[in-house]
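A short worksheet on the structure shown next.
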Amino acid sequence: MAHIEAVCISEKKGIVKRERAEVVLKAGWGMEHDAHAGDWHRQISLLAGESIDTVKKILPTLKHGAFAENIITRGLDLTLLKIGDRLCLGEEVILEITQIGKECHNQGCAIKKATGDCIMPREGLFAKVIQGGTAKAGDAIATC
C-alpha cells in the first residue's frame, strides 16, 4: 500500500525542513507553520522516498526534509502524475498537482553541491490543498 513516509515543515524559506509527527493542512493555504504556505500554486511539495534512496547511496546521512519537501511518499509512482491529478491522503486531505519540478537555486542547493545532482527539479511535485485535514507518516496516499 502506498503511504506517507514523512511530513516536514520549515518556518523560514531557504532552510531544510524538519520532520514532524503530524501536520495540519488547510484548504487553499498549505501546511500550518510552513514558510511555503499561502495563496499560490506551490503550497505543498512532494518527493518520492524511492528517489531520495538513490541520493542516499552517495549521502547516506541524508535526513527527511533535505530537499525542502513537505511530504515524502513511498509506494506511489509520482512520475505518472500530471498537472490536475488529485491525491487523497489519509481520511481527509485532498491535494491537486499544480507543477512538476522546479529550478534549482542559482548556485545549486547543498545536495547538488555534495552529490553533483539534485532530484527536486526533475522529480519533485507541487500541489495545492483542495480539502484540509491532518497528515502523518503511515497515512495512505493514492490518486483520487
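We did not get these values from a lab; they are worked out from the coordinates using the rules stated. Quick caveat: nothing in here was measured; it's all calculated off a predicted structure. Cβ placement follows ideal geometry from the backbone for every residue including glycine, while neighbour counts extend to all protein chains displayed.
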For the chain, the longest site-free run once GluC sites (Glu not before Pro) in DSSP loop states with at most 15 other Cβ atoms within 10 Å are removed: 33-90
Pairs beyond 18 Å (Cα-Cα), from 17/63; 26/63; 63/128: 26/63; 63/128
Calculated FRET efficiency for the pair residue 83/residue 13, C-beta based, R₀ 25 Å, to 0.05: 0.60
Label selected from [x] -0.47, -0.98, -1.18, -1.29; [y] -0.28, -0.76, -1.11, -1.39; [z] -0.39, -0.92, -1.16, -1.29, the criterion being log10 I(q)/I(0) by the Debye sum over Cα atoms at q = 0.10, 0.16, 0.19, 0.21 Å⁻¹ as computed here: [y]
Net +/- balance of residues flanking residue 96 in space, Cβ distance below 13 Å, scoring K and R +1, D and E -1: +3
